[in-house]
Amino acid sequence: MSPQQFEPSPPCDVDCAAESGGWTLVMVRELRHSPRKVWAALTDPEQLAAWAPYTADRDLGSTGAATLTMIDGETPQDLASTVRRAEPPWLLEYVWGTDLLRWELAETATGTRLTLRHTVEDREWVPKVAAGWHLCLDVAEHVLAGEPVEPIRGAGALDHGWGRLNDAYAEKLGIPNTGAPEL
């Protein structure tokens, strides 16, 4: 499927909670694939490169230091990361720059319930983060189903429904919409 044919799925269940040091987006997605297959997509550098907003310098399936490189057009940005917990195929937690990400996988009758907890410092970023991960996880779902879609990253997300998703998540979360971030 070409990026021009891509249409994002409807907004999913989200919540926002105040945490010490920031705000945590809680996003729940149902994926049609087993926890082991989803785990591989979350940890294997080759698979991450097919859908995530970053590439990884190593497999994220074990604890320790890593570098995640944000990709936005011609401007990659290396961010130091540390995998704090890796319990295949159920739990992955890592620090990414100043953010904390926790991926929880639960087996369901139809695949996997993925719960992402992404903690950021500034509450106004929560809808933006939700919109970005929404697009990435839509792409991951296609990739896992053998229907590859080009990764949707950075400013390119604006051409693929990011604005509508940001609006919807801002409304769902009751957080003022401050529009697209300055890149």
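Scanning the range 14-36 for residues that are touching a helix residue (DSSP H, G or I) at 6+ places or on another chain (Cβ under 7 Å) and among the small types (Gly, Ala, Ser) turns up nothing. Against the list (1) over 17 Å from His134 (Cα atoms); (2) within 13 Å of the chain's Cα centre (by Cα), the condition Leu42 fails is (1). If you go through the range 140-158 and pick out every residue that is out of contact with any His (no Cβ under 9 Å at 6 or more places or on another chain) and among the β-branched types (Val, Ile, Thr), you end up with 1.
The rows are residues; the columns are (1) over 12 Å from the mean Cα position of the chain (by Cα); (2) in a strand (DSSP E or B).
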{"position": "Glu104", "(1), (2)": "yes, yes"}
{"position": "Leu114", "(1), (2)": "no, yes"}
{"position": "Arg117", "(1), (2)": "no, yes"}
{"position": "Val129", "(1), (2)": "no, no"}
{"position": "Gly132", "(1), (2)": "no, no"}
{"position": "His142", "(1), (2)": "yes, no"}
{"position": "Pro148", "(1), (2)": "yes, no"}
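Within the span defined as the range 171-181, one or more residues are charged (D, E, K, R), touching a residue at least 24 places away in the same chain (Cβ under 8 Å) and surrounded by 13 or more Cβ atoms within 10 Å (Cβ to Cβ).
Candidates are the residues of the range 45-84 that are among the β-branched types (Val, Ile, Thr) and more than 17 Å from the chain's Cα centre (by Cα); the one that is modelled with the lowest pLDDT is Thr75.
Tallying residues that are free of Cβ contacts under 8 Å to residues at least 24 places away in the same chain, of a type in the set (Ser, Thr, Tyr) and in a loop (DSSP other than H, G, I, E, B) within the range 51-74 yields 1.
Restricting the range 89-98 to residues that are out of contact with any Asp or Glu (no Cβ under 7 Å at 6 or more places or on another chain) and modelled with pLDDT under 95 leaves a set whose member that is farthest from Met27 (Cα to Cα) is Gly97.
Take the conditions in a helix (DSSP H, G or I), under 17 Å from Pro11 (Cα atoms), in contact with a Gly (Cβ under 7 Å, 6 or more places away or on another chain) and of a type outside the set (D, E, K, R) and apply them to Ala157. Does it pass? Can you show your working first?
Numbers: in a helix (DSSP H, G or I): yes; under 17 Å from Pro11 (Cα atoms): yes; in contact with a Gly (Cβ under 7 Å, 6 or more places away or on another chain): yes; of a type outside the set (D, E, K, R): yes.
The answer is yes for Ala157.
Somewhere in the range 23-37, is a residue free of Cβ contacts under 8 Å to residues at least 40 places away in the same chain and surrounded by fewer than 19 Cβ atoms within 10 Å (Cβ to Cβ)? Scanning the range 23-37, I find no residue that is free of Cβ contacts under 8 Å to residues at least 40 places away in the same chain and surrounded by fewer than 19 Cβ atoms within 10 Å (Cβ to Cβ), so the answer is no.
The values are calculated or read from the model by the stated rules, or taken from the named source; none is laboratory data. Quick caveat, the model's predicted, so the values are computed rather than measured. Note that we place each Cβ from the backbone using ideal geometry, even for glycine, and neighbour counts take in every protein chain shown.
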